[in-house]
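Trainee: After the structure tokens below, expect a handful of questions from me.
The values are calculated or read from the model by the stated rules, or taken from the named source; none is laboratory data. Note that the coordinates shown come from a computational prediction; the quantities given were computed from them, not determined experimentally. Virtual Cβ from ideal backbone geometry, glycine too; neighbours counted across all protein chains shown.
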């Protein structure tokens, strides 16, 4: 999760982007863990929005949540070992019977395969993953520069990276296909000269409209293999 996006006074509890983006993750969790209990390892968690949404919706199915982010300060990570939600700056020594969540993380890494390989080495038992990344180099803009991205992906490039790391991809698809044409036109034709985030707090009417459109799309997103603003991959480690 990109904390820089929150600098524009984004209200996560009501923002169209985050309130629709959480839905595929919640649906994946429900399909895989509705009759069991698991540990969540949220890598690059930032504010922890997505894991907290999982906790709010499926508290009885969650044994522990590790929020893993190198940006956490010592005061945030100390004396948390007995908390159900624990902040840490590094991966657990062993990833065992867990759900790995990586929401827009791999694009920030010079070597995305290195982190995935480290996760694979630490993985024991049956582990699942849910990963999102930004899609299509044609959407590259100063927004990516501002957020410190190294690349954008396609379904093929994301799958190839995951398979090379030993991950088993069960489902891969695009999301935000409904707004892809508008985003493409904006970034190709209305190129901003300033390096800044495109994520801003819209007026309530526009925010509500985008939320309705994108939330509706999420009901069918797993069938979208054509285009979108983000890629999603689900499967086993």
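Trainee: Just to verify a result, which residue in the range 65-75, among those that are in a loop (DSSP other than H, G, I, E, B) and free of Cβ contacts under 8 Å to residues at least 60 places away in the same chain, is farthest from the chain's Cα centre (by Cα)?
Mentor: 73
Trainee: Could you please give the count of residues in the range 41-64 that are in a helix (DSSP H, G or I), touching a helix residue (DSSP H, G or I) at 6+ places or on another chain (Cβ under 9 Å) and buried (at least 17 other Cβ atoms within 10 Å of the Cβ)?
Mentor: Of the residues in that region, 6 qualify.
Trainee: Identify, please: which residue in the range 28-40 is touching a residue at least 40 places away in the same chain (Cβ under 8 Å), in contact with a helix residue (DSSP H, G or I) (Cβ under 9 Å, 6 or more places away or on another chain) and closer than 23 Å to residue 222 by Cα and is, among those, surrounded by the fewest Cβ atoms within 10 Å (Cβ to Cβ)? Before you say what the answer is, go through the steps one by one.
Mentor: As a first pass, look at the range 28-40 and keep what is touching a residue at least 40 places away in the same chain (Cβ under 8 Å): 28-29, 32-33, 38-40.
If we keep only those that are in contact with a helix residue (DSSP H, G or I) (Cβ under 9 Å, 6 or more places away or on another chain) as well, we get 29, 33, 38, 40.
From the residues that got through so far, the ones that are closer than 23 Å to residue 222 by Cα too are 29, 33, 40.
Working: 29: 22, 33: 17, 40: 25.
That would be 33.
Trainee: Considering every residue within the range 161-169, establish whether at least one is under 18 Å from the mean Cα position of the chain (by Cα), crowded, with 17+ Cβ neighbours inside 10 Å, part of a helix (DSSP H, G or I) and at pLDDT 90 or above.
Mentor: Yes, the range 161-169 contains at least one residue that is under 18 Å from the mean Cα position of the chain (by Cα), crowded, with 17+ Cβ neighbours inside 10 Å, part of a helix (DSSP H, G or I) and at pLDDT 90 or above.
Trainee: Take the residues in the range 89-110 that are part of a strand (DSSP E or B) and under 18 Å from the mean Cα position of the chain (by Cα), then tell me which one is farthest from residue 150 (Cα to Cα).
Mentor: Taking the candidates together, the pick is 98.
Trainee: Looking at (1) farther than 17 Å from residue 44 by Cα; (2) surrounded by 15 or more Cβ atoms within 10 Å (Cβ to Cβ), find the lone condition where residue 124 falls short.
Mentor: (2) is the only condition that residue 124 fails.
Trainee: Hey, another quick one. Six or more apart or on different chains, Cβ atoms under 9 Å: show the pairs whose first residue is in the range 76-90 and more than 22 Å from residue 60 (Cβ to Cβ) and whose second is surrounded by 14 or more Cβ atoms within 10 Å (Cβ to Cβ) and modelled with pLDDT under 80.
Mentor: Correct list of pairs: 87/80; 88/80.
Trainee: Could you look through the range 140-149, keep only residues that are touching a helix residue (DSSP H, G or I) at 6+ places or on another chain (Cβ under 6 Å) and outside any helix (DSSP H, G or I), and pick out the one that is farthest from residue 105 (Cα to Cα)?
Mentor: Out of the qualifying residues, it is 141.
Trainee: If you don't mind, there's one more thing I want to ask. Taking the conditions exactly as written (under 22 Å from residue 147 (Cα atoms) and touching a strand residue (DSSP E or B) at 6+ places or on another chain (Cβ under 7 Å)), does residue 72 satisfy them or not?
Mentor: Against the criterion (under 22 Å from residue 147 (Cα atoms) and touching a strand residue (DSSP E or B) at 6+ places or on another chain (Cβ under 7 Å)), residue 72 qualifies.
Trainee: Here are some residues: 172, 212. Which one is modelled with pLDDT of 95 or more, within 19 Å of the chain's Cα centre (by Cα) and outside any loop (DSSP other than H, G, I, E, B)? Reasoning before the result, please.
Mentor: Details: 212 fails: within 19 Å of the chain's Cα centre (by Cα).
The match here is 172.
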